[in-house]
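Just so it is clear, none of the values below were taken in a lab; they were calculated from the coordinates. None of the values given here were measured: they were computed from a predicted structure. All Cβ positions, even for glycine, are placed from backbone atoms using ideal geometry, and neighbour counts span all protein chains on display.
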Amino acid sequence: MAEPTEFLLAFRLAGSIRRSNHAESTAGALKDQRMGCRLTIPETDGVTRMRIETSAGLVEVLNEPTYRFGSTDNARSYSFARNLADESRPSSIHGLILDGSPIAVFGRGGGASGVHERSLVYVEGLLYLAVGDCVVCIDPKPFSFKWMLQTDSATCFGVHFDERHRALISHGELEISRFSSDGNLMWSVSGEDIFTGRFSLHPEYVEAIDWNDRVYRFSYDNGNLCA
């Protein structure tokens, strides 16, 4: 597949975000039965954010497009700040707040990932955050930055967890990937076009739909297409 142009990627991503925002606004509060967490997408102060209740406390993810690394004039002061972008100005900047205290902010290049209900998962005491083209892992309490892993060639749309297979899955724009809790890529697969359609985890496979509405069903074990 020929690599889409930068304009086409932005156009398609914008369409995907509009569909995602519509689903989020109608969903309201979502109950994550696997982890016993409650997710909400509040729209109160104009800042795009996500909240998740965890055993470590209430965690918020904030989109911080105006944050400047190294500046003292930011709206919030984070205890830990890391610019993971190869270029000087990252395309995505997301902050983490624990029980009202800003604990970490990360910047990364690639496509703009935004903040939504799938920006973060909490599994066995660790947070996995989608930022730009990568996933960041932290221990929120006591705070510790564990690792960063690039999971897509363009944008990581979201992070998912399947309890049955103990599988951490990245829904990327160009690749669907499974990664381990210690930051190793287990497998990564692509399709004929970008994965801007519906994405879901099923008991026996990971399902992704591309721009042309082609359906892919990938095995949890190795990422191969299921019959």
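Tabulated data for the structure shown
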| read-out | value |
| --- | --- |
| Packing-based exposure ordering (other Cβ within 10 Å, fewest first) of Thr54, Thr155, Thr72 | Thr72, Thr54, Thr155 |
| Rh by Kirkwood over Cα pairs, then Stokes-Einstein D for the stretch 91-188 at 1.306 mPa s and 10 °C, µm²/s | 120 |
| Candidates per GluC sites (Glu not before Pro) in the stretch 165-199, loop by DSSP, up to 16 other Cβ within 10 Å | Glu192 |
| Relative contact order [Cα under 8 Å, 6+ residues apart], the stretch 117-188, whole percent | 24 |
| Label zone at Leu225 (point 7 Å along Cα-to-Cβ), backbone N below 20 Å, the stretch 153-179 | 171-178 |
| Estimated inter-spin distance, Arg89 and Leu58, nm [label 7 Å along Cα→Cβ] | 3.4 |
| 12 Å reach of a label modelled at Lys146, 7 Å along Cα-to-Cβ, counting backbone N of the stretch 117-136 | 121-129, 136 |
| Low-density loop cleavage sites - GluC sites (Glu not before Pro) in the stretch 52-125, where at most 15 other Cβ are within 10 Å (DSSP) | Glu87, Glu124 |
| Sites Asp213 and Ala75 - FRET efficiency at Förster radius 45 Å, r taken between beta-carbons, to 0.05 | 0.65 |
| Loop sites in the stretch 154-222: trypsin sites (Lys or Arg not before Pro), DSSP, at most 13 other Cβ within 10 Å | Arg164, Arg166, Arg198, Arg214 |
